[in-house]
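The values are calculated or read from the model by the stated rules, or taken from the named source; none is laboratory data. What you see is a predicted model, and the numbers here were worked out from it, not measured in a lab. Positions of Cβ are backbone-derived with ideal geometry, glycine not excepted, and every protein chain shown enters the neighbour counts.
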Amino acid sequence: MTGTTLYGLSACLLVGMGLYGVLAHTAPLRRVLAFNLLGAGVFLLFGVGARRGAAAGLPGDPVPQALVITGIVVAFAATALAFMLMRRLAAARAREAADASADRTGGR
Amino acid sequence: MADAPAPSYLLVLALLVPVIGMLAMTVARLLGLRRVEGIAAVAIAGGLAIAGAIALAVVRSGAALTYAVGGWEPPLGLALRADGVSAVMLAMAALVVAFVALYARPQFAADDDAPEGRRAFAFWSLLMGLWSALNLVLIGEDLFNLFVALELLTFAAVPLVCLDGRAATLEAALRYLVFALIGSALYLLGTAILYGQYGTLDIATLAGLTRPDLATHAAVALMIGGLMAKAALFPLHIWLPPAHAGAPAPASAVLSALVVKAPFFLILRLWFDVLPGPPSLPAAQVFAGLGAAAILVCSVVALRQERLKLMIAYSTVAQIGYLFLMFRLTIEPGVPAWETIGWTGGMLQLVSHAFAKAAMFLAAGLIAEALGHDRIADLAGAGRAVPVSLFAFGLAGLSLMGLPPSGGFVAKLLLLNAATLAGAWWIAAVISVGGLLAAAYVTRVLKRAMAMPPAPLATRPVALSRELAALALALIAVALGLVPLQPFELLAIGRP
C-alpha cells in the first residue's frame, strides 16, 4: 500500500465518521465537532489530490495547498460562529427560564 | 464571442462596493459616528447603478462580461463572468436590496448607544456583506471561489435570522447553520474530487474536459446534494420555515427572495456547465419529483399554518419546488436548454418569486407591527389599519398563485407549456394544483384581513414609505407579466 492510498483511505474514513456524527447526533456541540472531522477528511483528500496531480515533476501541486489553507480559515470561522450562537442560545434560554419562573410566582 | 477581450471592471465593483460600504460602517463607528444607515444608502445607490450598468452592457454587446482577477487568466487565475442570466439576477438582487433598505431605514435607525443600536449596526453591515457574497456567487467562475462565496453568504445570513436574540430564533439560526455547513462540506468534497480528476476548478475550462465517468458523476452528485440542503429543496427544507419566519421582516425578505436562490443558481451551473454530455433524464426526473413533492406538501402545510410569517416561509419552500421542475422541462432533443421555454419559465419563476416573496414578507411585517401580532385567525381589521400593505400582499399573492397579470402567471404558463410539450403530464397537473393551493392560502389571509373586527382595534401607525416599498416590489412582480411568451433572448446571452 502506497502512502497516497493510505492517505486517501484515511480521508474517506474521516469523511465517513464526520458525516455519521453530523447526521446521527442532535447535540449542537457534537454536530459542530463532527463537522470539523468531516472538514479534516475533505482537506486531507485535497492533499491526496495534490500528490496525485504532481505529474509535472514537481514534488506536489501547490494549488490544493492554497485551497486547503483557505478552507481551514473558512471552517474555523464557521466553528467560531456556531460556538458563539450556542453560547448566546444558552444565555437566552437561562434568561427566558428565569423570566418564566418569575412570571409564575408573580415576582415581577 | 464568449471571451470578450476587454476586462470589465464593473464586475469587480459589484463585489467591492458593498464591502467598502461594510468597512466604512466599521470605520465610521470607530470615528464616533453613531448612525450607519446613511452609509448603507450610499453603498446601495452605488451598487444599484453598477448592477444597472452591467445589465445594460450585457444587453448592448450581446455577450458576457468577463474579468480575470489580477490579470491571471484561468486555469491559473480566477475569472469573473456575467452572462445574461447573471446580469438579470444581479439586477434582481440590487432592486430587492434597495427596496428592503428603504423599508428597513426607519426600523433600524437607532443611535449606537441606544439598546437598538447594536442591532441596527449588525443589520446594515450584514446586509452589505450578504449582498457582496451573493454577487460573487452570481459572477464567480471558479468552483472553490464559489465555495468561499457560499460560505460568506451563510455567515452573513445566519446572524440575520437571530437579530432579536430570543432563544427560539437563536435555535433556528443554529439549525440553519448546521444544515448549511453540512451542505458546504459535501460541496467541498465534490470539489476535491473534481480537482483530483481534472486539475482545474474553472467552470469554463471544466466544461470542455469533463468525462461521463463514475468519479465525475459522484463529485457533481455530492455537490448538488450539498447545495440542495442549502437551497431547502424538499425534504431538506426543515431548517427554512423557523429561520425565515423568526427573522425581522426585512431580513426574512432578503433571505427568502435572494439567499436560497444562490445555491439553486450553482446547481444550474453544475448541471448545465460542468456535467458532460446530454443531461440525464432519470436525474432530472428525481429533481422534478422532489420539486413536485415540495409544491404539494409544503403548500398544504402552508395552508394549515396559524402564523402569517410561517405560512409565507412554507410558501417559499413550495415555490422553490417549481424551480426544480426546470431540469426536466429543459430537456428537448436537439434544442439547447437555454432556447427552451422551460428555461425562460424557470428563470422567470425565480425572478418573480424573489420580488413577490420580498413584498409579501415586508407587507406581513407591517401587518404584524400594526396589529401587534401575526396570528392569521385574528387578522380582522388589518385591511383598515394598513390597506397599502394588504394590497401589496394581495398583488404578491397574485404572482404566487400564477394569475394574470403577473410574472408568476407567465412563469407558470411557460412551465405548463413546457410540461405539455415534454409529455410530462404529471408535472402539468402538479403546477395546476400548486396554483390552486397557493390561491387557497393567500385568499385565506385576505379574507380574514378584510373582515370587520369584532371590537374596535387599537393599531399602531406605520410609516407610509415602508408600505410603499412593499408595494413597489409587488408591482415589479406584476410588471414581469409583460415579458413575452417565448424563449427570452436576454437569458441565453453568453451561453456556449
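Answer with yes or no whether residue B:146 is part of a helix (DSSP H, G or I) and more than 19 Å from the chain's Cα centre (by Cα). Against the criterion (part of a helix (DSSP H, G or I) and more than 19 Å from the chain's Cα centre (by Cα)), residue B:146 does not qualify. Of all the numbered requirements in (1) buried (at least 21 other Cβ atoms within 10 Å of the Cβ); (2) within 12 Å of chain A (Cβ to nearest Cβ); (3) more than 25 Å from residue A:18 (Cβ to Cβ), residue B:199 misses one, and that requirement is (1). On the basis of being of a type in the set (Val, Ile, Thr), more than 10 Å from every other protein chain (Cβ to nearest Cβ) and out of contact with any strand residue (DSSP E or B) (no Cβ under 6 Å at 6 or more places or on another chain), does residue B:97 make the cut? Yes: the conditions hold for residue B:97.
Residue B:376 falls short on exactly one of the conditions (1) surrounded by fewer than 21 Cβ atoms within 10 Å (Cβ to Cβ); (2) under 15 Å from residue B:446 (Cα atoms); (3) under 23 Å from the mean Cα position of the chain (by Cα), and that condition is (3). For residue A:97, the conditions (1) at pLDDT 90 or above; (2) facing another protein chain (nearest Cβ under 10 Å); (3) under 20 Å from residue B:162 (Cα atoms) all hold with the exception of (1).
On the stretch given as segment B:451-491, residues that are in contact with a Pro (Cβ under 8 Å, 6 or more places away or on another chain), farther than 29 Å from residue B:381 by Cα and crowded, with 19+ Cβ neighbours inside 10 Å total 1.
One line per residue, one yes/no per condition, for (1) in a helix (DSSP H, G or I); (2) over 22 Å from residue B:302 (Cα atoms):
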{"residue": "B:369", "(1), (2)": "yes, no"}
{"residue": "B:373", "(1), (2)": "no, no"}
{"residue": "B:384", "(1), (2)": "yes, yes"}
{"residue": "B:393", "(1), (2)": "yes, no"}
{"residue": "B:399", "(1), (2)": "yes, no"}
{"residue": "B:405", "(1), (2)": "no, yes"}
{"residue": "B:410", "(1), (2)": "yes, yes"}
{"residue": "B:415", "(1), (2)": "yes, yes"}
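Return yes or no: is residue B:226 more than 22 Å from the chain's Cα centre (by Cα), more than 9 Å from chain A (Cβ to nearest Cβ) and buried (at least 22 other Cβ atoms within 10 Å of the Cβ)? The answer is no for residue B:226.
May I ask you to verify whether residue B:459 is assigned to a helix (DSSP H, G or I), of a type in the set (S, T, N, Q) and over 19 Å from the mean Cα position of the chain (by Cα)? Answer is no for this residue. Scan segment B:291-298 and tell me whether some residue there is in a helix (DSSP H, G or I), of a type in the set (A, V, I, L, M, F, W, C), in contact with a Pro (Cβ under 8 Å, 6 or more places away or on another chain) and touching a residue at least 60 places away in the same chain (Cβ under 8 Å). Within segment B:291-298, none of the residues are in a helix (DSSP H, G or I), of a type in the set (A, V, I, L, M, F, W, C), in contact with a Pro (Cβ under 8 Å, 6 or more places away or on another chain) and touching a residue at least 60 places away in the same chain (Cβ under 8 Å). All conditions in (1) within 11 Å of chain B (Cβ to nearest Cβ); (2) surrounded by 14 or more Cβ atoms within 10 Å (Cβ to Cβ); (3) outside any helix (DSSP H, G or I) hold for residue A:26, with the sole exception of (2).
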